[in-house]
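To keep things clear, I will list the structure first and then write my remarks on it.
The values are calculated or read from the model by the stated rules, or taken from the named source; none is laboratory data. Predicted, not measured: the structure shown is a model, and the values here were computed from it. For neighbour counting, all protein chains shown are included, and Cβ atoms are generated from backbone atoms with ideal geometry for every residue, glycine included.
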Amino acid sequence: MTSAWLRPPPPVATVVAGRERRVLHWEIALVLLVTLGMSGLRSLVSLLDSLAAPAPLSDQSVAINVPQASADLLDLAGQLLSILRLTAWGGLGIFLLWRGGLALRAVGLDRSAPRRDLLSGAGLAALIGIPGLGFYLVTRAIGINLTVVPTELGDTWWRVPVLVGAAMANAWAEEALVVAYLITRLRQLGWSENRSLLASALLRGSYHLYQGFGGFLGNVVLGLVFGRVWQRTHRLWALVVGHALIDVVAFVGYALLAPHVGWL
């Protein structure tokens, strides 16, 4: 059973050729350059800047959710716009797949198995989230990762709902683009399942480089697990649920616990 799980399934997308193949190359490049691919390039610049600083990585910090305006309501507006942008990024990838003739159920965005998706998502969150926290603490302790601050938002009435919304938007954008969109398009270009999986995982790791080498490696591993699960099940909602749960616990948990504990 284990070997069957690890073995990739046969591709389900039709391989394209000729002009359509060239169009797909351009589409993938443009989609990534306006979404998470550009985030990966900016993240690399951020890491190089951190490495050039006199302080070691472990003595530096980087925040994920930061204030976007000094006035409270303007800050809220900025946070909601960031959530909308991430939602649109994921929607773009799924729209292009649908516009190209792929049914939403083919990537697991139908409502045929909500209970299974929720349970699978919770299982993925536990599988990745608990070891992931330990891995982060180890990489920070050995000096290859920055201190990651999940949120610097003040204690406002909208902080928790916005952090939950940000977690859900992050999950949607990443799983829709990095897994469903990218792996499907690479299948259509004739890439093998393992090669597509590795490309997806490396992309996921790239836009976490701003956190340090630990953030990169940890997210590559997460990408390999999530990508293979999707290749075997084609249930994208399960991945979105699992990712959202991990981020909700990280964002909201930090906001509530950081004032009371010193090791976060």
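Computed quantities for the displayed model
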| read-out | value |
| --- | --- |
| Qualifying residue in the range 31-42 (condition: closer than 30 Å to L189 by Cβ, surrounded by 15 or more Cβ atoms within 10 Å (Cβ to Cβ) and at pLDDT below 95) | no |
| Residue that is surrounded by the most Cβ atoms within 10 Å (Cβ to Cβ) [pool: residues in the range 199-234 that are farther than 17 Å from R42 by Cα and among the polar types (S, T, N, Q)] | S200 |
| Residue among V107, V34, V45 that is within 25 Å of N145 (Cα to Cα) and either out of contact with any Asp or Glu (no Cβ under 8 Å at 6 or more places or on another chain) or among the basic types (K, R) (or both) | V45 |
| Residue list for the range 235-264, restricted to those being aliphatic (A, V, I, L, M) and either at pLDDT 95 or above or buried (at least 21 other Cβ atoms within 10 Å of the Cβ) (or both) | L236, A238, L239, V240, V241, A244, L245, I246, V248, V249, A250, V252 |
| Any chance V45 is of a type in the set (V, I, T), in contact with a helix residue (DSSP H, G or I) (Cβ under 9 Å, 6 or more places away or on another chain) and not in a helix (DSSP H, G or I) | no |
| Test: residue in the range 144-158 that is in contact with a Ser or Thr (Cβ under 7 Å, 6 or more places away or on another chain) and surrounded by fewer than 20 Cβ atoms within 10 Å (Cβ to Cβ) | yes |
| Verdict on L189 being out of contact with any helix residue (DSSP H, G or I) (no Cβ under 9 Å at 6 or more places or on another chain), surrounded by fewer than 23 Cβ atoms within 10 Å (Cβ to Cβ) and more than 23 Å from P114 (Cβ to Cβ) | no |
| For G101: the one exception among (1) modelled with pLDDT of 95 or more; (2) assigned to a loop (DSSP other than H, G, I, E, B) | (1) |
| Residue within the range 59-75 that is in contact with a Pro (Cβ under 6 Å, 6 or more places away or on another chain), under 23 Å from Q211 (Cα atoms) and not acidic (D, E) present | yes |
| Enumeration of residues in the range 43-81 that are among the hydroxyl-bearing types (S, T, Y) and either crowded, with 18+ Cβ neighbours inside 10 Å or in contact (Cβ under 8 Å) with a residue 40 or more places away in the chain (or both) | S43, S46, S50, S58, S61 |
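The rows are residues; the columns are (1) closer than 22 Å to W98 by Cβ; (2) within 9 Å of the chain's Cα centre (by Cα).
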site: A169; (1), (2): yes, no
site: E175; (1), (2): yes, yes
site: Q188; (1), (2): yes, no
site: L197; (1), (2): no, no
site: L202; (1), (2): no, no
site: S206; (1), (2): no, no
site: G214; (1), (2): no, no
site: V220; (1), (2): no, no
site: G223; (1), (2): no, yes
